[in-house]
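The values are calculated or read from the model by the stated rules, or taken from the named source; none is laboratory data. A quick note: this is a predicted structure, and the numbers were derived from the prediction, not measured. Neighbour counts run over all protein chains shown; Cβ positions are idealised from the backbone, glycine included. Only protein heavy atoms, including side chains, enter the accessible area calculation; ligands, DNA and RNA are left aside. Shrake-Rupley method; radii C 1.70, N 1.55, O 1.52, S 1.80 Å.
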Amino acid sequence: MWKTVHASVIGTSHVGFGSECQDESIADVLLDANDEGYLVCLVADGAGSATKGGRGAELACITAMTSIEQSLRTSSLFTTDLVTGWIENIRQAIFSEAEATELTGRDYACTLLGAVIAPNNAVFFQIGDGAIVVSKNKMQGVVFWPDSGPYANMTYFVTDTDALTNLDVIIINTSFDEIAVLSDGLQRLALLFDRQIPHVPFFDPMLSVLRQQPTDQVECLESQLAIFLGSAQVNERTDDDKTLILATRLS
């Protein structure tokens, strides 16, 4: 149904401070009650100022995946209320752990990007920065432009009191051929901000390799993707944590 590859690499600035990578990602295919396949892509980026931002990102992805899987068991109908429920489950999981550890939700602050793609429809959702790029008939576009909030070097988080107000959701009744989901550490390399479009030369070489890779050998591409994300040519452009999911539909 789909070939997927994803990797997260720590930013050089985090290495300098002795911290860990605070990005998290999941890419997998889930089946609904009728054994229909759904590609699920999730990326969360823990806030650099949050002491448990990486754990918040992990909880966000795990809880989102569990919530989506439970939803697909009972219904294949995408609605905004359904996505809102997924976000509420994430918030509950984070705030429950925060309370148990005598911390605050802000200590677990993270952004979240998600896509659930069926054969003929899809739902995309996002809180904060980062980007989801989709392709159809060799045309690429950004689903939501990165939301950095009203101030420089700021964004919105799943743990904000007004998180649901800042939740972007779009449900589209069409199919897609490929998708890329990236954290904000790659924004300046992957997007053309002056035109608000994807930087095609960033995506095309990697997607071309993924298309040609035999299905049973796709897993080995993850180490190569991680090497690229941690390379000097990337680190010269960004010192932040970097996450990238790439997926192409099997023909």
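Observations, loosely collected:
- Segment 12-46, residues that are more than 25 Å from residue 134 (Cα to Cα) and in contact with a Lys or Arg (Cβ under 8 Å, 6 or more places away or on another chain): 33
- Checked across segment 54-73, the condition of being farther than 22 Å from residue 169 by Cβ and not acidic (Asp, Glu) holds for at least one residue.
- A single member of 49, 19, 13 is open to solvent by 10 Å² or more (accessible area, probe 1.4 Å) and either under 29 Å from residue 177 (Cα atoms) or not in a loop (DSSP other than H, G, I, E, B) (or both), and it is 13.
- Some residue of segment 138-151 being open to solvent by less than 20 Å² (accessible area, probe 1.4 Å), modelled with pLDDT of 95 or more and within 26 Å of residue 64 (Cα to Cα): no
- For the condition in a helix (DSSP H, G or I), crowded, with 20+ Cβ neighbours inside 10 Å and in contact with a strand residue (DSSP E or B) (Cβ under 9 Å, 6 or more places away or on another chain), residue 64 qualifies.
- Filtered by the rule that a residue be over 17 Å from the mean Cα position of the chain (by Cα) and either crowded, with 17+ Cβ neighbours inside 10 Å or closer than 25 Å to residue 249 by Cα (or both), segment 164-191 gives 172, 173, 174, 175, 177.
- Within segment 83-117, restricting attention to residues that are aliphatic (A, V, I, L, M) and surrounded by fewer than 18 Cβ atoms within 10 Å (Cβ to Cβ), the residue that is nearest to residue 244 (Cα to Cα) is 103.
- Here is the figure for segment 23-43: residues that are over 13 Å from the mean Cα position of the chain (by Cα) and not hydrophobic (A, V, I, L, M, F, W, C) total 6.
- Residue in segment 212-227 that is closer than 30 Å to residue 106 by Cβ and either open to solvent by 40 Å² or more (accessible area, probe 1.4 Å) or in contact with a His (Cβ under 9 Å, 6 or more places away or on another chain) (or both) present: no
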